[in-house]
Amino acid sequence: MRKTKLSAILGAGILASLVLTGCAEGAPPAAGGGGEEGTTTGEAPVFEVATDVAIEGSPTFDKITAAGGKVVVGVKEDQPNLGYLDAVTGERTGFDVDVARWMAASLGVSEENIEFKAIPSANREQAIINGDIDYYVGTYSITDKRKDQIDFAGPYFETGQGLLVGADSEITGVDDLVAGVKVCSATGSTPIQNIKDNYPEVTPVEFEKYSECVEALKNGQVDAVTTDEAILIGYAAQAPDQLKVVGEPFSTELYGIGLAKGDDALRDHFNTTLEEGGDVWQSIFDYNLGSSGTTVSQPTPDRY
């Protein structure tokens with residue numbers, strides 16, 4: 001059982017300085033391929049590390065305790081505003097990274113005892129199963145197939161396939177995807193296949209990277225870019241004067257915190273932390289994705 005409640009505080013004046021705006025599944029590599037730190041708003045959230053934490057029946061927490069209070073967290077590091085590693089400074093930033101820090105603080109783990117480990121999407125389940133990481137936070141969609149192998153806390157974010165267009169575009173949503181409109185997405189991705197299947201009059205354009213699609217959008221070569229709205233929000237946050245996310249998502253993706261299957265005690269702890277920390281969640285969202293101009297609400301954790 002969870003015996004200690006997370007005590008999280010925000011930096012002085014942070015709530016007054018933050019503006020409610022959007023976020024989603026994950027941000028993309030920066031346009032041009034090199035990557036940028038991204039755009040933030042206000043002051044960074046500050047988490048007070050919990051003390052006297054006890055989570056009975058959690059093998060993962062026992063492992064963290066045995067390691068001297070060190071936690072290993074799987075993340076992404078090529079998604080500005082979501083999960084990004086600055087190769088020069090070594091600083092990690094983004095919505096998902098701050099959620100990971102928040103969860104660590106709730107376990108009584110301070111920043112210097114967090115080891116972040118970049119795990120490719122295809123290897124996430126195995127890394128959790130093998131115990132290579134203690135939990136994973138990185139635009140990780142909750143699916144029944146994945147829940148056969150691991151468990152999820154959350155969701156902590158809800159998103160879906162969306163549209164990114166130019167700031168002056170007349171496209172307002174999927175109803176404007178008509179003949180002659182060029183829509184770009186990554187080659188072989190689910191979003192581009194969805195466009196081909198459901199919007200046959202649209203001209204699909206494919207590139208290897210979403211960043212290439214965004215460059216094509218900025219250059220007027222395509223009319224819209226589509227993928228998970230969270231990724232698109234990350235791009236919009238980087239260039240709010242040039243880009244905007246429009247319409248409502250036309251699919252549903254729920255991002256969760258991946259953890260070892262059967263560790264119900266840790267899942268319950270994380271879910272309680274999310275439920276009790278609405279102001280913290282909002283501060284993380286506003287700081288990392290507030291400049292995108294999109295409004296998103298915190299979802300309710302699933303107590304399955």
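Data for the structure
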read-out	value
Percent accessible area from carbon and sulfur atoms, the range 160-252, protein chains only, probe 1.4 Å	42
Cα gyration tensor, the range 78-211 - rounded (a/c under 1.5), prolate or oblate	prolate
Alpha-carbon Rg with Dmax, taken over the range 168-291, Å	17.6, 53
Accessible area expressed per residue, the chain, with surrounding protein chains retained (probe 1.4 Å, Å²)	42
Bridge type composition, the chain - antiparallel percent by DSSP, nearest 5	60
Estimated dipole of the chain in Debye, rounded to 20 [Cβ of Lys and Arg +1, of Asp and Glu -1, Cα centre]	540
Pairs beyond 20 Å (Cα-Cα), from LYS63/LYS145; LYS76/LYS209; LYS182/LYS218	LYS63/LYS145
Computed helical MRE - 222 nm, the chain, DSSP H runs ≥ 4 contributing -39500 (n - 2.57), nearest 500	-8000 deg cm²/dmol
Stretch in the chain that is longest and holds no trypsin sites (Lys or Arg not before Pro) that DSSP places in a loop and that have at most 12 other beta carbons within 10 Å	4-302
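The values are calculated or read from the model by the stated rules, or taken from the named source; none is laboratory data. Since the model is a prediction, treat every value here as computed from it, not as a measurement. Neighbour counts run over all protein chains shown; Cβ positions are idealised from the backbone, glycine included. The area values use the complete protein model at the heavy-atom level, side chains included, leaving out ligands, DNA and RNA. Shrake-Rupley method; radii C 1.70, N 1.55, O 1.52, S 1.80 Å.
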